[in-house]
Amino acid sequence: MKKISYLIATLFLVSCGGSSEQTKNETPAAETSAKTTITIKGSDTVLPLSQKQAEEYMKSHTDASITVVGGGSGVGMTALVENSTDIAMSSRQMKMEEKIEFKKKSVEPKEIIIAYDALAIIVNPKNKVENLKREQLEKIFTGAITNWKEVGGRDLKIVALSRETSSGTYEFFKEHVMDKKNYASTVLAMPATGAIVETVARTEGAIGYVGLAYISKDVKPVSVSYDEGKTFAAPSVASAQNGTYPVARPLYYYYVPEKETLVKPFVDYLLSEEGQKNVEEVGYVPLTK
Amino acid sequence: MLSSTVTTFTVLLIIVFLFTEGSGLFKQSPVEKGSEILVNPANPVNHLTAAQIKEIYDQNITNWKQLGGNNDTIILFAINYISDYFSEDEIGENFEFLPAKIDSLMMAHPGILAVFSSEYILPDTKAKRVSIDNISLAGFITGREWFPTAQPAVQLGVLPIILGTLWVSLIAILIALPIGLATAIYMAEVANNKMRLALKPVIELLAGIPSVVYGFFGLIVIVPFIQKVFSLDTGQTALTGSILLAIMALPTIITVSEDAIRATPRVMKEASLALGANHWQTIVRVIIPYSSSGIAAAAILGIGRAIGETMAVLMVTGNAAVIPHSLLQPVRTIPATIAAELGEAPQGGIHYQALFALGCILFLMTMVINLWVQYISSKRRNAGH
């Protein structure tokens, strides 16, 4: 009995663990007689989106077989350099080091933005704070600001919530909002985005960050300013699309020109109306509406 | 015979695997493999610690003066910043001038602190390499800062995590032992047969609930409850984890101590009753002392169960890696750390090995506990004869 309970717990853990375990969860080949096989490798942030797109694409194109593998943006880029993947998915632009690697092989990889990913900063609905500057967010998460009264709220201790280090949003928030500084040790690390929403909804002093799709009526998103308070933008699909909401990033696909004929149909599908509808379903921001 | 050999072999294999992966961590530089830290040759600083590097990148240290150097502002440089200084043409079409350009930067800025791959270092560079302490066992165990993904140098201090694990488990057992013992005494001595037959499966059912379910229950019920009762900022505390673990350890404690209490010889109980002691006095003065080693074994097994528990704790303790000073603070435990971080740690990297080293520490903890149980129960056997 005990053993079974462990087994069940492990299975749950695996399924909750999300992206990392899904890395090995390769999408099975649709048909053995498949004419085109495409491998996509890279960012775990893009992984759920790529998987969804691949599934939908294979439904209508039975001759295609697409394998999606995670591992991180860097892993995807390395694989592309080594020619062990057809498409590298990435949650950031190519780094200088990676450009150098491609230059060494005199290859100019193509870059395509397939969707946007935006993070909303959420607080408890009882919290009166509506706007926060980037500098204030940085200080909250590095532990320099610990009370809401320092940012215009009432006298209440701030409970800052982050994701675990394994999460793609952990790094994104660190780079985009915290100026690459490290999180304070006192920041609570939540195992899942759902846990952040749940805790913020129940804790008056809490602040956390989640993907746009996770905003619910139990939590209040705050407007963010990246120009020291001149303009504040509220998170929404529209503001992420037109670039006024700053805590957003494009998600990329990279491929080498010689593979163009192979991957083009799939990439075109991604950019089509249907593909962009899938983007919204997975919880990311489509390119245009 | 065969099955026991296979089991022993498997256990040994796991231990060897655990320790080989974990021990690779030490004597390594905390800086990413293949990278080096360089400064201007005029800079008197020769040595930096991982903690200092983190402070520099967090912009808490901004001047070399604070590190015993000259009065120069620290300028951070990495390959990715090269485009801030030079155009792509200057670097060359195939980046052939990159090492030379980096080197010229190193010479031009007295306050520069550059971290980049050693393949871009000019072979005859005058820039000075800064040494950095390797990761040591003592530093690993006594360090207070856990930043396994910090750039460019990781900080691996597991003291808060070890203390967090012990703290949560200790409190859990203090909660579970009185309740568990009382239940065991009731079931062994007071309850009639019908009651006992009804209670037994209920307790066994408690052991069969998956730990995520406990965790979810904790997150939805116990966390808000603790937050309300103590009017805290957050209900995700060590106490919440302890209460949850206490519930999870109860079946072990009840079953083992009930068996110990039942093992008290009938003669001893009857002798006590014959001397005029009532039932309660017999329980307190005769049965509990007789079965004390069994009860101790139950308590220790309960601790073992609590120390190794992962999912439930991960969901309710807040997971902040700070040394706990009270019960009402968030803590981070070893199993939760491993479960949460191993998925994304690059295989064979420093972070990955650090998590295995944590696993080794957890293994040693549970092994000590098991040896302790064996010692105590062997004492009982000797005393019995």
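Kindly check whether there is at least one residue in segment B:120-141 that is of a type in the set (Asp, Glu), out of contact with any helix residue (DSSP H, G or I) (no Cβ under 6 Å at 6 or more places or on another chain) and within 12 Å of another protein chain (Cβ to nearest Cβ).
As a first pass, look at segment B:120-141 and keep what is of a type in the set (Asp, Glu): B:124, B:133.
Right, trim to out of contact with any helix residue (DSSP H, G or I) (no Cβ under 6 Å at 6 or more places or on another chain) and you get B:124, B:133.
In the following step, the residues that additionally are within 12 Å of another protein chain (Cβ to nearest Cβ) were identified as none.
No: zero hits.
Quick one: in segment A:99-122, which of the residues that are within 13 Å of chain B (Cβ to nearest Cβ) and outside any helix (DSSP H, G or I) is farthest from A:Met77 (Cα to Cα)? Lay out the reasoning, then the answer.
Step one: of segment A:99-122, the residues within 13 Å of chain B (Cβ to nearest Cβ) are A:99-108.
Cutting the leftovers down to outside any helix (DSSP H, G or I) gives us A:105-108.
Working: A:Lys105: 14, A:Ser106: 15, A:Val107: 13, A:Glu108: 13 Å.
The extreme case among them is A:Ser106.
Identify all residues within segment B:52-66 that are out of contact with any helix residue (DSSP H, G or I) (no Cβ under 6 Å at 6 or more places or on another chain) and either under 19 Å from B:Pro30 (Cα atoms) or within 14 Å of chain A (Cβ to nearest Cβ) (or both); write none if there are none.
Within segment B:52-66, B:Gln52, B:Ile53, B:Lys54, B:Glu55, B:Ile56, B:Tyr57, B:Asp58, B:Gln59, B:Asn60, B:Thr62 meet the criteria.
Residue-by-condition table, conditions (1) buried (at least 16 other Cβ atoms within 10 Å of the Cβ); (2) modelled with pLDDT of 90 or more; (3) under 30 Å from A:Glu135 (Cα atoms):
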| position | (1), (2), (3) |
| --- | --- |
| A:Ala240 | yes, no, yes |
| A:Gly243 | no, no, yes |
| A:Pro250 | yes, no, yes |
| A:Tyr254 | yes, yes, no |
| A:Val263 | yes, yes, no |
| A:Asp268 | no, yes, no |
| A:Glu281 | no, no, no |
| A:Tyr284 | yes, no, yes |
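Anything in segment B:256-271 that is surrounded by fewer than 19 Cβ atoms within 10 Å (Cβ to Cβ) and in a helix (DSSP H, G or I)? List them, or say none.
B:Asp259, B:Arg262, B:Arg266, B:Val267, B:Met268, B:Lys269, B:Glu270, B:Ala271
Is it true that some residue in segment B:266-277 is modelled with pLDDT of 90 or more and under 15 Å from B:Ile203 (Cα atoms)?
No, every residue in segment B:266-277 fails to be modelled with pLDDT of 90 or more and under 15 Å from B:Ile203 (Cα atoms).
Considering only segment A:180-198, how many residues are within 20 Å of A:Asp218 (Cα to Cα), more than 7 Å from chain B (Cβ to nearest Cβ) and either touching a residue at least 60 places away in the same chain (Cβ under 8 Å) or more than 20 Å from the chain's Cα centre (by Cα) (or both)?
3
Looking only at segment B:79-108, how many residues end up being farther than 21 Å from A:Lys99 by Cβ and without any contact (Cβ under 8 Å) to a residue 12 or more places away in the chain?
Residues in segment B:79-108 being farther than 21 Å from A:Lys99 by Cβ and without any contact (Cβ under 8 Å) to a residue 12 or more places away in the chain: 1 in total.
Among the residues of segment A:158-179, what is the count of those that are more than 9 Å from chain B (Cβ to nearest Cβ), farther than 16 Å from A:Ala213 by Cβ and among the polar types (S, T, N, Q)?
1
Residue check: is B:Thr252 assigned to a helix (DSSP H, G or I) and touching a residue at least 12 places away in the same chain (Cβ under 8 Å)?
Considered against the rule, which asks whether it is assigned to a helix (DSSP H, G or I) and touching a residue at least 12 places away in the same chain (Cβ under 8 Å), B:Thr252 comes out as yes.
Being free of Cβ contacts under 8 Å to residues at least 24 places away in the same chain and crowded, with 20+ Cβ neighbours inside 10 Å is the filter here; which residues of segment A:101-127 pass it?
none
Considering only segment B:64-78, state which residues are free of Cβ contacts under 8 Å to residues at least 24 places away in the same chain and not in a helix (DSSP H, G or I).
Within segment B:64-78, B:Asn71 is the sole residue that qualifies.
Inspect all residues belonging to segment A:213-231 and state whether any of them is touching a residue at least 40 places away in the same chain (Cβ under 8 Å), of a type in the set (S, T, N, Q), surrounded by fewer than 19 Cβ atoms within 10 Å (Cβ to Cβ) and out of contact with any Ser or Thr (no Cβ under 8 Å at 6 or more places or on another chain).
Yes; the residues of segment A:213-231 include at least one that is touching a residue at least 40 places away in the same chain (Cβ under 8 Å), of a type in the set (S, T, N, Q), surrounded by fewer than 19 Cβ atoms within 10 Å (Cβ to Cβ) and out of contact with any Ser or Thr (no Cβ under 8 Å at 6 or more places or on another chain).
Does B:Thr337 satisfy the criteria of being buried (at least 22 other Cβ atoms within 10 Å of the Cβ) and closer than 19 Å to B:Phe140 by Cβ?
So B:Thr337 passes the test.
Taking the options B:Ala172, B:Ala188, B:Ala198, name whichever one is crowded, with 21+ Cβ neighbours inside 10 Å, among the aliphatic types (A, V, I, L, M) and more than 25 Å from the chain's Cα centre (by Cα). Break it down into steps so the answer makes sense when it comes.
Working: B:Ala172 fails: more than 25 Å from the chain's Cα centre (by Cα); B:Ala198 fails: crowded, with 21+ Cβ neighbours inside 10 Å.
From the options B:Ala172, B:Ala188, B:Ala198, the qualifying one is B:Ala188.
For segment A:177-233, name all the residues that are hydrophobic (A, V, I, L, M, F, W, C) and assigned to a helix (DSSP H, G or I).
A:Ala195, A:Ile196, A:Val197, A:Val200, A:Ala201, A:Leu212, A:Ala213
Could you list, in sequence order, all residues of segment B:306-352 that are assigned to a helix (DSSP H, G or I), at the interface with chain A (Cβ under 10 Å from one of its Cβ atoms) and not β-branched (Val, Ile, Thr)? Even if it seems obvious, please write down each step before you answer.
Of the residues in segment B:306-352, the ones assigned to a helix (DSSP H, G or I) are B:306-308, B:311-316, B:334-341, B:350-352.
Filter once more, keeping what is at the interface with chain A (Cβ under 10 Å from one of its Cβ atoms): B:311-312, B:314-316, B:336-337, B:339-341, B:351.
Scanning segment B:306-352 gives B:Met311, B:Ala312, B:Leu314, B:Met315, B:Ala336, B:Ala339, B:Ala340, B:Glu341, B:His351.
Could you list all residues from segment A:79-97 that are in contact (Cβ under 8 Å) with a residue 60 or more places away in the chain, touching a helix residue (DSSP H, G or I) at 6+ places or on another chain (Cβ under 8 Å) and either surrounded by fewer than 17 Cβ atoms within 10 Å (Cβ to Cβ) or part of a strand (DSSP E or B) (or both)?
Within segment A:79-97, A:Ile87, A:Ala88, A:Met89, A:Ser90 meet the criteria.
Somewhere in segment B:63-78, is a residue under 35 Å from the mean Cα position of the chain (by Cα), closer than 29 Å to A:Met94 by Cα and of a type in the set (S, T, N, Q)?
no
So B:Ala138 passes all but one of these: (1) under 21 Å from the mean Cα position of the chain (by Cα); (2) in contact (Cβ under 8 Å) with a residue 12 or more places away in the chain. Which condition number does it fail?
The single condition B:Ala138 does not satisfy is (2).
Quick one: would you say B:Glu32 is within 14 Å of chain A (Cβ to nearest Cβ), within 30 Å of A:Ser106 (Cα to Cα), acidic (Asp, Glu) and surrounded by 14 or more Cβ atoms within 10 Å (Cβ to Cβ)?
So B:Glu32 passes the test.
Every residue, every condition in (1) of a type in the set (Asp, Glu); (2) in contact with a helix residue (DSSP H, G or I) (Cβ under 7 Å, 6 or more places away or on another chain); (3) under 22 Å from B:Phe116 (Cα atoms), yes or no:
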position: A:Ile38; (1), (2), (3): no, yes, no
position: A:Lys41; (1), (2), (3): no, yes, no
position: A:Ser60; (1), (2), (3): no, no, no
position: A:Val68; (1), (2), (3): no, yes, no
position: A:Ser73; (1), (2), (3): no, no, yes
position: A:Met77; (1), (2), (3): no, yes, yes
position: A:Lys99; (1), (2), (3): no, no, yes
position: A:Val107; (1), (2), (3): no, no, no
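Name the single residue that is surrounded by the most Cβ atoms within 10 Å (Cβ to Cβ) among those in segment B:201-246 being within 20 Å of the chain's Cα centre (by Cα) and of a type in the set (Val, Ile, Thr).
Residue satisfying both the conditions and the ranking: B:Thr240.
Report every pair of residues separated by at least 6 positions or lying on different chains whose Cβ atoms are under 7 Å apart, first residue within segment B:33-57 and within 18 Å of A:Lys180 (Cα to Cα) and among the β-branched types (Val, Ile, Thr), second at pLDDT below 85 and assigned to a loop (DSSP other than H, G, I, E, B).
Correct list of pairs: B:Ile53/B:Pro152.
Within segment B:272-305, how many residues turn out to be in a loop (DSSP other than H, G, I, E, B) and among the small types (Gly, Ala, Ser)?
From segment B:272-305, those in a loop (DSSP other than H, G, I, E, B) are B:275-278, B:291; that's our starting set.
Those still in the list that are among the small types (Gly, Ala, Ser) too: B:276-277, B:291.
Number of matching residues: 3.
The values are calculated or read from the model by the stated rules, or taken from the named source; none is laboratory data. No experiment lies behind these values; they were computed from the predicted model shown. No Cβ is skipped: glycine too gets one built from the backbone with ideal geometry, and neighbour counts run over all protein chains shown.
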